[in-house]
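Visitor: Handing you a structure now.
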Amino acid sequence: MTKDQMVSVSVTERIASRPFLPFALPDTGEEEIREVTEAIKSGWVTTGPKTKQFETEFARAVGVKHAVAVNSCTAALHIALEAIGVKKGDEVITTPYTFAATAAVIRYFDAKPVFVDVEPKSLNINPARIRAAVTKKTKAILPVHIAGMPADMEPIHRTAKRFHLPVIEDAAHAFPAKYNGKMIGGLSEMTCFSFYATKTITTGEGGMLCTNNGEFAERCRMMALHGISKDAWKRYSAEGSWFYEVLSPGFKYNMSDIAAGMGLAQLRKATAMLEKRRAIARAYNAGLSHFPHFQLPYDDPKHQHAWHLYMLRLNLDTLTIDRAMFVEELKKRNIGASVHFIPLHVQPYYQHLYGCRPEDYPVAYHEYLREISLPIYSKMTESDIEDVIDAVVDVLIQFGR
Ligand SMILES: Cc1ncc(COP(=O)(O)O)c(C=O)c1O
């Protein structure tokens, strides 16, 4: 037995005896319980004072005039596209390297997501390729800040300006993130955040639409609550009125005060949680950087990475297993890993609808084949972090070339 193999045996035994480390876990505690209990005890459990407070505090945190709390980022993206008037047959330029929701909301209008391939380094939409995708039908540009590393917004805004197109940012991963020193949230016409269970702050399910444009804010607020006239949520309060008018067939996307209570507590911890994720990313980078088997996640110091995901890329020619098997091997070592994302153009729906083939967006497709996301959340302990690195190295010892 070689020395490497001996080290590997003891590491394997140690990791095998640990409980399974989930890929993601929310960092919640007494503060969240206190806020949620307060909402329940107050009797105001749906949209009310806590939601309004959460909107105000979130708007302040990202430096934007208006924040509209909703029950998902998907809802926020939907009402953002509605507010700019997307209609059947329109086109919205976006990335294939994203979650289902980014393009599904475009399809809600019977409009077309026009995919533009991503940059190899960041896996964000390639700004240099956007111009060629603009047509007379283009209605908006919808970049995604993958993993929490901001897309390159300056050239995106330049192209948007040239063609008079609004930009709606899918910032599901990007709180708190900065582009050139400015918080993501107020840089474009509208920006949509997610507070889904695995996100950097969570309300269980939830989202926030941010904008500096009062008209967009008003339209989104109305469409998120049945399309009924102003301050619909107040109609059961002392200052409210029973009278309302339906102005549009709106949606039921409002956030509850129970969720907002959780959001308020999470918001207060957002910076501390980011510090912890940053430390995990640093530890992974230090533990893995000397192996030729990996490409470390992209991080441009000019900006601020939210570190929602730690997206490692495998150099497959240095391994005897593929990415799917790598995920399985980590699982055998009690480490939950994941893959972000299966590009939309290889999903059956888009293949059937538009005849997309994997090679249509070669960067997205080939990077997807070698991407693996390691756990990165503030609840992880020092020994969890060490176990992840040891497990990854242990897989290498067994399957590296
Ligand atoms: C890039 C991206 N956009 C949008 C969403 C949708 O967020 P939500 O679950 O809050 O609707 C997600 C969720 O994972 C996402 O990853």
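Every number in this text was worked out from the coordinates using simple rules, so none of it is lab data. No experiment lies behind these values; they were computed from the predicted model shown. All Cβ positions, glycine included, derive from the backbone under ideal geometry; neighbour counts span all protein chains shown.
Visitor: Considering all projection directions equally, how large on average is the shadow of the alpha-carbon convex hull of the range 168-325, in square nanometres? Could the numbers behind the result be given before it?
Guide: Numbers: hull surface 51.2 nm².
Over all viewing directions, the range 168-325 projects a mean Cα-hull area of 12.8 nm².
Visitor: Still on this structure: Need one number: the % of Cα-Cα pairs in the range 112-244 sitting beyond the 16 Å mark. Don't skip to the answer; put the middle values down first.
Guide: On the way: 6017 of 8778 pairs.
I get 69 percent for the Cα pairs in the range 112-244 exceeding 16 Å.
Visitor: Two decimals is fine: what is log10 I(q)/I(0) at q = 0.10, 0.13, 0.21, 0.23 Å⁻¹ for the range 17-127, from a Debye sum with one equal scatterer on every Cα and no solvent?
Guide: For the range 17-127 at q = 0.10, 0.13, 0.21, 0.23 Å⁻¹, log10 I(q)/I(0) is -0.51, -0.80, -1.15, -1.21.
Visitor: If r is the Cβ-Cβ distance from R401 to Y244 and R0 is 60 Å, what FRET efficiency results, to the nearest 0.05? List each step's numbers first, then the result.
Guide: Details: r = 67 Å, r/R0 = 1.12.
E(calc), rounded to 0.05, equals 0.35.
Visitor: What is the packing order of peptides 287-293, 58-64, taking the mean over residues of other C-beta atoms within 10 Å and listing the highest first? Let's see the in-between values first.
Guide: Values: 287-293: 13.9, 58-64: 19.4.
Order by mean packing, descending: 58-64, 287-293.
Visitor: Oh, and also: Determine the alpha carbon to alpha carbon distance for each of K52/K252; K65/K182; K161/K199; K199/K269; K199/K276; K88/K137 and list only those over 21 Å. All intermediate terms of the calculation are to be shown ahead of the outcome.
Guide: Details: K52/K252 17 Å; K65/K182 14 Å; K161/K199 31 Å; K199/K269 13 Å; K199/K276 14 Å; K88/K137 10 Å.
Listed pairs above 21 Å: K161/K199.
Visitor: At 25 °C and a viscosity of 0.890 mPa s, what translational diffusion coefficient does Stokes-Einstein give for the range 113-158, taking Rh as the Kirkwood radius over Cα pairs? Give it in µm²/s as a whole number. Provide the component values of the computation, followed by the final result.
Guide: Values: Rh = 11.0 Å.
For these conditions, the coefficient is 222 µm²/s.
Visitor: By the scheme Lys and Arg +1, Asp and Glu -1, what is the net charge of all other residues having a beta-carbon under 11 Å from that of Y350? Intermediate values should be presented prior to the final figure.
Guide: On the way: positive: R107, K112, R357; negative: D360.
The answer is +2.
Visitor: Starting from a Cα-only point model with no solvent, please compute log10 I(q)/I(0) by Debye for the range 67-112 at q = 0.22, 0.27 1/Å.
Guide: Computed log10 I(q)/I(0) values: -0.74, -1.03.
Visitor: A follow-up question, please. Before rounding to the nearest 500, sum -39500 (n - 2.57) across all DSSP H runs of length at least 4 in the chain and divide by the residue total; then give [θ] at 222 nm in deg cm²/dmol. Provide the component values of the computation, followed by the final result.
Guide: Numbers: 12 runs with 154 residues, N = 401.
Result for the chain, helices only: -12000 deg cm²/dmol.
Visitor: Continuing with the same structure: At 7 Å along the Cα-to-beta-carbon direction for both K52 and K332, put a label point, then send me their distance in nm to one decimal.
Guide: The two pseudo-label positions are separated by 5.8 nm.
Visitor: Additional query: What distance in nm separates the simple spin-label points at A132 and L296, each placed 7 Å from Cα in the Cβ direction?
Guide: Computed distance between label sites A132 and L296 equals 3.2 nm.
Visitor: Which whole-angstrom value gives the distance between the alpha carbon centres of the range 264-323 and the range 27-45?
Guide: Between the Cα centre of the range 264-323 and that of the range 27-45, the gap is 32 Å.
Visitor: Quote the FRET efficiency, to the nearest 0.05, computed for I389 versus T198 with a Förster distance R0 of 22 Å and r equal to the Cβ-Cβ distance. All intermediate terms of the calculation are to be shown ahead of the outcome.
Guide: Values: r = 21 Å, r/R0 = 0.96.
FRET efficiency, I389 to T198: 0.55.
Visitor: Could you sort the peptides 364-371, 240-247 by per-residue average Cβ neighbour count (10 Å cutoff), highest mean leading? Don't skip to the end; give the middle numbers.
Guide: Working: 364-371: 20.1, 240-247: 10.9.
For the peptides 364-371, 240-247, the packing ranking is 364-371, 240-247.
Visitor: Just for the Cα atoms in the range 290-348, what are the lengths along the principal axes, largest first, rounded to whole Å?
Guide: 38, 36, 25
Visitor: Just to confirm the number: angle between the C-alpha axis of helix 153-162 and the first principal axis of the chain, 0 to 90 degrees, nearest 10?
Guide: Taking the Cα atoms of the chain, the angle to 153-162 is about 40 degrees.
Visitor: Return the long-range amide H neighbours of L319 (sequence gap of 5 or more, or a different chain), with a cut-off of under 5 Å between placed amide H atoms.
Guide: R401
Visitor: Using a simple spin-label model with points 7 Å from Cα along the Cα→Cβ vector, what separation in nm is obtained for E359 and S229?
Guide: 6.1
Visitor: Shifting gears a bit: May I ask you to compute the full-extension gain from A104 to K41, defined as 0.36 nm times their residue separation minus their alpha-carbon distance, rounded to one decimal in nm? Spell out each step's value before the answer.
Guide: Numbers: separation 63, 0.36 × 63 = 22.68 nm, distance 3.75 nm.
Taking A104 through K41 to full extension adds about 18.9 nm, to one decimal.
Visitor: Output the 0 to 90 degree angle, nearest 10, between the alpha-carbon long axis of helix 73-83 and the longest principal axis computed from the alpha carbons of the chain.
Guide: Between the helix axis and the principal axis of the chain, the angle is about 40 degrees.
Visitor: Let me ask you something else. When the label point is put 7 Å from the Cα of R158 along its Cα-to-beta-carbon vector, which residues of the range 121-150 have a backbone N closer than 17 Å?
Guide: In the range 121-150, the label zone of R158 (backbone N under 17 Å from the point 7 Å along Cα→Cβ) covers 125-134.
Visitor: A further question follows. With the convex hull built on the Cα atoms of the chain, state its orientation-averaged projected area in nm².
Guide: Details: hull surface 82.2 nm².
Dividing the Cα hull surface by four gives the mean projection, 20.5 nm².
Visitor: Just need the Rg to Rh number for the range 328-396, please, alpha carbons only, Kirkwood Rh.
Guide: 1.14
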